[in-house]
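Here is the structure we will look at, set down as structure tokens.
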Amino acid sequence: MTTAKQKLVVVGNGMAGMRTVEELLKIAPDVYDITVFGAEPQVNYNRILLSSVLAGEKEMDDIVISPRSWYDENGITLFTGDPITAIDAEARTVTSESGRVSGYDALLLATGSNPLVPPIPGMNKQGVCTFRDIRDVETMIGAARDHRRAVVIGGGLLGLEAAWGLKRRGMSVAVVHLMPTLMERQLDVAAGQLLQRDLDRRGIAFFTDGQTEEITGETRVRSVRLADGREIPADLVVMAIGIRPNTTLAKAAGLDVNRGIVVADNMRTTDPRIYAVGECAEHRGQCFGLVAPLWDMAKVCAHHLAGGEEMLFTPPALSTRLKITGIDVFSAGALTAAGEEDDEITLQDAAQGTYKKLVLRDGRLVGAVLYGDVADGAWYFDLMRQGTDVADIRAGMIFGQAHAETGGKGSSGVSVAQMSDDTQICGCNGVSKGTICRAIAEKGLTTLDEVRAHTKASASCGQCSGLVRQILAASLGTDVVAEAEPAMCKCTDRTHDEVRRTILAQQIKSMPELMRTLGWKSADGCAKCRPALNYYLLCAWPGDYADDAQSRFVNERVHANIQKDGTYSVVPRMWGGLTSARELRAIADVVEKYAIPTVKVTGGQRIDLLGVKKEDLPGVWADLGQAGMVSGHAYAKGLRTVKTCVGSEWCRFGTRDSTGLGVRLEQMTWGAWTPHKFKMGVSGCPRNCAEASIKDFGVVCVDAGYDLLVGGNGGIELRGTDLLARVGSEDEVLEYCGAFMQLYREEARYLERTAPWINRVGIDHVKARVVTDEEGRRTLHRRFLYSQRFAQNDPWAERAAKGMAAHEFQPLRKVG
Amino acid sequence: MADWIEIGRVEDIPKPGSRLVETGKGPIAVFRGTDDAIFALHNRCPHRGGPLSEGLVHGHKVTCPLHNWVIELENGEAVAPDVGCAAPVPVRVADGRIWIEIGMRLEVAHG
Ligand code: SRM
Ligand SMILES: Cc1cc2nc3c(=O)[nH]c(=O)nc-3n(C[C@H](O)[C@H](O)[C@H](O)COP(=O)(O)OP(=O)(O)OC[C@H]3O[C@@H](n4cnc5c(N)ncnc54)[C@H](O)[C@@H]3O)c2cc1C
Ligand code: SF4
Ligand code: FES
């Protein structure tokens, strides 16, 4: 016998609403037909991580919690971008903005909250936004691209994360805060001041005690004016002064509403068919703005929706962390002693920049504020939640768990092995160490992603990922846990490494065949996977695989760098940074003949001709070719420059001919395609004028020979090189270089430079392959030289003289 | 008013890929998919005017060469989360020849 399913309508496609649905599906998958209405156009995403997206640490794609397929697979009807505008509690229907009417047996309100917007003039100007959803983040990222100055109003958690993200994106940022110290609701004065000092050092300006009076400007904002007359110029203003539960619907439907929608311990509102969870709900006079309590609400609500009666909501203790990379803050419970009976213990270490405060009441811990060193946060939080009597450890507890439990002999910080099973690891999801260990053992989990999927630990704000990884490592008995490698792109579930293995194992030599074999989900891939596949095939089958120009980014297709106005730049090769009168004359002539607007010396020791029209490219190349110059590949995921210094030929310190060696290296390696760009440098002595120690492959000549350095990067994230080996002759330098490049070509993932590659596989692995294994080194070097036989054709000559790819440089037709 | 002009043959465009047509009303990018479907858009990315004709074509989409916005070839709309539209140009293929209609509105549709 089948009973008709009841209808559940969910208003709000956000974190609390969807968590409730997830919990419900777990315990009672067949009770309801579920329909979800969301005001935002997106599927459910992790709002917490908007801060990481803004800071450029994550992509929008990374923060989706449930893709559309999840809704489909679970039979959930989803309407996005269509808010509910009215509830008819009598008729038991809701009506959406677009006019959809849905009947319900049970209704769940999970409408979250709205950012507070102060009643000051100028709020509606262009360039003013809040920090709540994807739209806001897009506004901010857009502003960071086109504008310079940002003012964030509000020095709380959200405001500071916004300020840091905008700073990371290159804006100059000021924060206006009403109170004298930052994050005053989570931090005491001392910690607030330390935080302000550290952010100030990172270049964020602060206006504390600042009351915003007006936002000025014509259509776009121009400045923020404070009550005391100070005026701060701004192209972007972000309001982050707080949130207010979104209760409009509930109020109109006649439900009891104070600050939030009033709910009982079972999450029911004053209408027994209507439930509310999340930031919109008010439980015993309290509203919440962090996810941990919302997850508990979701569980309780699902329990009652499924027909249960027992489970009741009690608000958990809350702890806060700030998601700014490199700044560690932890706070929970009371910030300061409330009166005579309370006791405070503080520890300030100015040299280390750390600060700790513990608040005690009746021999128990009731509050902790940590700044700089938060390793013991979980332990203190645990003592608080358990209400442990701390009289015995009181003396040493400020120094941390290790110290307290070993009577002062341990070092600070505590290993996960020492933690008790009920230590809470993930504050957001309330997951204890024991739960994690059990899941690992019972389900045979081996990766962080699996632990996340099974226990939810580290699935929300992600701050405890490190701890979870340590627990996993300890359980597996290894030192480190490899990160699960993500799929290449949305066209496939395969990882880069899997694809490369398949190409070799199954001898696949064309892209359509590869996509077919691996079951690509889109007919011809996307802009992420096609260039990668093209490279992998080219690297695997030199001479056999025909390069696919249509799978290359425009620069590599037309062999010049596209500029923002659609013109191109041309950088001819100057071997080891050397040039001659003839070359310079040819360059000068070309500049005049084609009216090239800008000529610039690059940071890579050669000359850049900027603003060349596309149709002029073949002509420019032909003329440069006449003078013996070839492409500098300044556009390529391939060998770029070999920077050199003058060396022993002229320099009074030079130990060897660094310039000559640089030229030899460049002649061996030019034209090579690599996973990402590859740069070299050769310095004649340890003064290192060619900056070899931040190159992908660097050589520093010393009296005793040549130091070979690898994995440096001077770009977005500075990384000094690792020493690979010291060798005695130029020929050995060439052999090591070829072998190293080939190993990188064969093993790194597309768009992974040598620095992150070595960080991932470890320098010891590289040494084992290139230094210790002599035969292996020679083989790698031979493979490199073999592939160079097919790579060292000057692409410019092919196009200028032989008319190759002529269609690239002329319009199909001119009309009108 | 319709004003159809022949601009070339399907095989003149790389597959998948794009060629440019210069017109008195500005440049137009003509695209060809792996399935030989032909599309035309004004050659201005809705983001910051990047030349879409230089982008990488995949499915019925092109990725702009300047900052990687993805644009639908059918209607010129940017793929979410980006918002904007590169004005589409009516295009027909008859007997392997491509015709486009110019002389219509050239402003971007919206966005
Ligand atoms: C022209 C030049 C600046 C200059 O006027 O000096 C330059 C210009 C560009 N660089 Fe650079 N970089 C130039 C030297 C550098 C250097 C310095 C060096 O090589 O000694 C660095 C830091 C060193 C390093 O790479 O480790 C550098 C780090 C970058 C990065 C960051 C790479 C990284 O791994 O973090 C990018 C972005 C990327 O490649 O994704 C970049 C990207 C770019 C691009 C290609 C941006 C783009 O995608 O359009 C610029 C092309 C302009 C053009 O059309 O010519 N450029 N770039 C320099 C060309 C050198 C040459 O002769 O080929
Ligand atoms: C930038 C940022 C950083 C944060 N960092 C942290 C952190 O580190 N730790 C932490 O614990 N918390 C953090 N939070 C808070 C956390 O994200 C929220 O507590 C949580 O998202 C609230 O969940 P919710 O479901 O109640 O509301 P939401 O996630 O906001 O979901 C509500 C949804 O309902 C929709 N909606 C509203 N009205 C209607 C309607 N009438 N019809 C249909 N749909 C409607 C809204 O558009 C929204 O999509 C952060 C928040 C932000 C914005
Ligand atoms: S040349 Fe390099 S540093 Fe300068 S703007 Fe371009 S990418 Fe940035
Ligand atoms: S101009 Fe096209 S993505 Fe920026």
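The requirement of being farther than 28 Å from A:A55 by Cα and either loosely packed, with under 14 Cβ neighbours inside 10 Å or of a type in the set (V, I, T) (or both) is fulfilled nowhere in region A:320-331; no residue meets it. Of all residues in region B:45-70, those that are within 7 Å of another protein chain (Cβ to nearest Cβ) and more than 16 Å from B:L20 (Cα to Cα) have Cβ atoms under 9 Å from Cβ atoms of residues that are of a type in the set (D, E) and within 15 Å of ligand 1 (Cβ to nearest atom), 6 or more apart or on another chain, in B:L66/B:E54.
Determine whether A:L182 is assigned to a loop (DSSP other than H, G, I, E, B) and crowded, with 23+ Cβ neighbours inside 10 Å. It is true that A:L182 is assigned to a loop (DSSP other than H, G, I, E, B) and crowded, with 23+ Cβ neighbours inside 10 Å. Is it true that A:C526 is under 26 Å from the mean Cα position of the chain (by Cα), modelled with pLDDT under 90 and more than 22 Å from A:R640 (Cβ to Cβ)? When the stated conditions are applied, A:C526 does not pass them. When B:G26, B:G84 are checked against the criterion of being more than 8 Å from chain A (Cβ to nearest Cβ) and farther than 19 Å from A:Q810 by Cα, B:G84 stands alone in meeting it. Considering only region A:315-331, I want to know if a residue exists there that is away from ligand 2 (no atom under 16 Å from the Cβ), farther than 25 Å from A:A163 by Cβ and of a type in the set (A, V, I, L, M, F, W, C). The answer is no; no qualifying residue exists.
Report, by residue number, each residue of region A:746-803 that is outside any helix (DSSP H, G or I) and within 24 Å of A:E485 (Cβ to Cβ).
A:A748, A:R749, A:Y750, A:L751, A:E752, A:R753, A:G762 - these are the residues of region A:746-803 that are outside any helix (DSSP H, G or I) and within 24 Å of A:E485 (Cβ to Cβ).
Residues that are at pLDDT 95 or above and facing another protein chain (nearest Cβ under 9 Å) within region B:29-41 comprise just one, B:V30. Scanning region A:447-459 for residues that are farther than 15 Å from A:T435 by Cβ and either β-branched (V, I, T) or within 13 Å of ligand 2 (Cβ to nearest atom) (or both) gives a single hit, A:T447. Taken over region A:169-217, the criterion of being within 16 Å of ligand 1 (Cβ to nearest atom) and either over 30 Å from the mean Cα position of the chain (by Cα) or closer than 14 Å to A:V238 by Cβ (or both) is satisfied by A:R169 alone.
The set of residues from region A:552-570 being small (G, A, S) and either within 11 Å of A:L617 (Cβ to Cβ) or more than 8 Å from chain B (Cβ to nearest Cβ) (or both) comprises A:A560, A:S569. For region A:301-314, the set of residues classified as more than 12 Å from ligand 2 (Cβ to nearest atom) and either closer than 15 Å to A:A378 by Cα or out of contact with any Lys or Arg (no Cβ under 8 Å at 6 or more places or on another chain) (or both) consists of A:H303, A:L305, A:A306, A:G307, A:G308, A:E309, A:E310, A:L312, A:F313, A:T314, listed by residue number.
Would you be able to say whether some residue in region A:725-736 is assigned to a helix (DSSP H, G or I) and of a type in the set (G, A, S)? Within region A:725-736, not a single residue is assigned to a helix (DSSP H, G or I) and of a type in the set (G, A, S). The single condition among (1) farther than 21 Å from A:L194 by Cα; (2) at pLDDT 85 or above; (3) crowded, with 22+ Cβ neighbours inside 10 Å that A:V359 does not meet is (1).
Among residues belonging to region A:587-630 that are among the acidic types (D, E) and either away from ligand 1 (no atom under 16 Å from the Cβ) or within 14 Å of chain B (Cβ to nearest Cβ) (or both), point out the one that is nearest to the chain's Cα centre (by Cα). Filtering region A:587-630 for residues that are among the acidic types (D, E) and either away from ligand 1 (no atom under 16 Å from the Cβ) or within 14 Å of chain B (Cβ to nearest Cβ) (or both), the one nearest to the chain's Cα centre (by Cα) comes out as A:E615.
Residue pairs whose Cβ atoms lie under 9 Å apart, separated by 6 or more positions or on different chains, with the first residue in region A:582-606 and more than 18 Å from A:Q563 (Cα to Cα) and the second within 16 Å of ligand 2 (Cβ to nearest atom) and at pLDDT 95 or above, do not occur. Regarding region A:57-71, can at least one residue be identified that is crowded, with 18+ Cβ neighbours inside 10 Å, within 23 Å of A:A276 (Cβ to Cβ) and within 8 Å of ligand 2 (Cβ to nearest atom)? Looking through region A:57-71, none of the residues is crowded, with 18+ Cβ neighbours inside 10 Å, within 23 Å of A:A276 (Cβ to Cβ) and within 8 Å of ligand 2 (Cβ to nearest atom). Of the candidates A:V36, A:V53, A:V43, the single residue that is within 18 Å of A:Y275 (Cβ to Cβ) and either in a helix (DSSP H, G or I) or not acidic (D, E) (or both) is A:V36. For region A:785-816, filtered to residues that are in contact with a Ser or Thr (Cβ under 8 Å, 6 or more places away or on another chain) and either farther than 24 Å from B:G8 by Cα or in contact (Cβ under 8 Å) with a residue 60 or more places away in the chain (or both), the residue that is farthest from the other protein chains (Cβ to nearest Cβ) is A:Q788.
Per this entry, A:K695 is not counted among residues that are surrounded by fewer than 24 Cβ atoms within 10 Å (Cβ to Cβ), at pLDDT 95 or above and away from ligand 4 (no atom under 16 Å from the Cβ).
Report yes if A:I76 is touching a residue at least 60 places away in the same chain (Cβ under 8 Å), surrounded by 14 or more Cβ atoms within 10 Å (Cβ to Cβ), under 17 Å from A:F37 (Cβ atoms) and more than 16 Å from ligand 4 (Cβ to nearest atom), otherwise no.
Details: touching a residue at least 60 places away in the same chain (Cβ under 8 Å): no; surrounded by 14 or more Cβ atoms within 10 Å (Cβ to Cβ): yes; under 17 Å from A:F37 (Cβ atoms): yes; more than 16 Å from ligand 4 (Cβ to nearest atom): yes.
Judged against the criteria, A:I76 is not a match.
Report, ordered by the first and then the second residue, all pairs with beta carbons closer than 6 Å, sequence separation of six or more or different chains, a first member in region A:51-62 that is touching a residue at least 24 places away in the same chain (Cβ under 8 Å) and of a type in the set (S, T, N, Q), and a second member that is within 12 Å of ligand 2 (Cβ to nearest atom) and assigned to a helix (DSSP H, G or I). What qualifies is A:S51/A:E161. All of (1) over 26 Å from A:Y635 (Cα atoms); (2) of a type in the set (V, I, T); (3) under 13 Å from the mean Cα position of the chain (by Cα) hold for B:T23 with one exception: (3).
Exactly one residue out of A:G122, A:G165, A:G159, A:G170 is under 18 Å from A:Q211 (Cα atoms) and either in the same structural domain as A:T216 (by TED's automatic domain parsing) or aromatic (F, W, Y) (or both), and it is A:G159.
The values are calculated or read from the model by the stated rules, or taken from the named source; none is laboratory data. Note that the coordinates shown come from a computational prediction; the quantities given were computed from them, not determined experimentally. Cβ sites come from the backbone with ideal geometry, for glycine too, and all protein chains shown count toward neighbours.
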